[in-house]
Amino acid sequence: MRSLVIGASGGIGAALAKSLATRGEVVALSRTSHGLEITDEASVAEHLGALSGSFELIFTATGALGTPEKALRSLTAGELLSQMAINALGPALVLKHALRLMPKDRRCVFAALSARVGSIGDNALGGWHSYRASKAALNQLLHGAAIEISRSHPQAIVAALHPGTVATPFTEGYGHDKHSPARAATDLLAVLDGLTPQHSGGFFDYSGATVPW
């Protein structure tokens, strides 16, 4: 198995890369180590364009929480646009340029970290407007891409994944009952192992349960 992990310097990304190394070759890319800026299409095209061969798994483990708004009065254009760029545009650009690296003749997976708070149906608390909206946008982008990709890659699986609350700098100060990045990686890979092309375009949590849109 050959895997590509985008965002491999982060807590979940690093744990994924370590776990996937037990299954085969792993190519790990990040902004910190390689200068990959996922919101800059030229950077994405350069870094992914330098890769050759195919990957059975491409995992985009990037994201930013920003400063979640507690009320609508705290919403700003800058924060909303920043969250959209990092959490929605970035993974979509990665998928756009990674498609050529996905084999057409066998099972392959493209996964990206989403979040349960991006679920519209599950939103009972409000707030966190920019982050919620950016993850909802990511889910729509992945769902739409999955439909298109199925026509050229019939065995491909595109999935949005909610990892739970993981103990990383990303979640410092937020959430409770956090689990380790290693546990998150194990859970997420187990979910992906159980998916089939019929699940492509879906939104799943770390237990494998479907998350409502």
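The values are calculated or read from the model by the stated rules, or taken from the named source; none is laboratory data. Owing to the predicted nature of the structure, the values given are computational and were not obtained by experimental measurement. Cβ: placed from backbone, ideal geometry, glycine included. Neighbour counts: every protein chain shown. Ligands, DNA and RNA are stripped out before the accessible areas are found, and what is left, the full protein with its side chains, is counted by its heavy atoms. Shrake-Rupley method; radii C 1.70, N 1.55, O 1.52, S 1.80 Å.
In table form, for the structure just shown:
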read-out	value
Tally of residues being of a type in the set (Lys, Arg), closer than 19 Å to Val211 by Cβ and open to solvent by 20 Å² or more (accessible area, probe 1.4 Å) across region 130-165	1
Per-region count, region 49-67, residues at pLDDT 95 or above and out of contact with any strand residue (DSSP E or B) (no Cβ under 8 Å at 6 or more places or on another chain)	3
Residues being of a type outside the set (Val, Ile, Thr) and either touching a strand residue (DSSP E or B) at 6+ places or on another chain (Cβ under 6 Å) or open to solvent by less than 50 Å² (accessible area, probe 1.4 Å) (or both) - total across region 115-128	6
Residue satisfying all of: in region 175-208; more than 14 Å from the chain's Cα centre (by Cα) and of a type in the set (Asp, Glu); least open to solvent (accessible area, probe 1.4 Å) among these	Asp187
Test: residue in region 23-30 that is in contact with a helix residue (DSSP H, G or I) (Cβ under 8 Å, 6 or more places away or on another chain) and either in a helix (DSSP H, G or I) or more than 22 Å from Ile12 (Cα to Cα) (or both)	no
Restricting region 15-50 to residues that are within 18 Å of Leu65 (Cα to Cα) and not acidic (Asp, Glu), the residue that is surrounded by the fewest Cβ atoms within 10 Å (Cβ to Cβ)	Thr32
Hits in region 104-114 - residues which are open to solvent by 10 Å² or more (accessible area, probe 1.4 Å) and either of a type in the set (Val, Ile, Thr) or out of contact with any Gly (no Cβ under 6 Å at 6 or more places or on another chain) (or both)	Lys104, Asp105, Arg106, Arg107
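Residue-wise test of (1) assigned to a loop (DSSP other than H, G, I, E, B); (2) of a type in the set (Val, Ile, Thr).
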residue: Thr67; (1), (2): yes, yes
residue: Lys70; (1), (2): yes, no
residue: Glu79; (1), (2): no, no
residue: Ala88; (1), (2): no, no
residue: Gly121; (1), (2): yes, no
residue: Ala124; (1), (2): yes, no
residue: Ala137; (1), (2): no, no
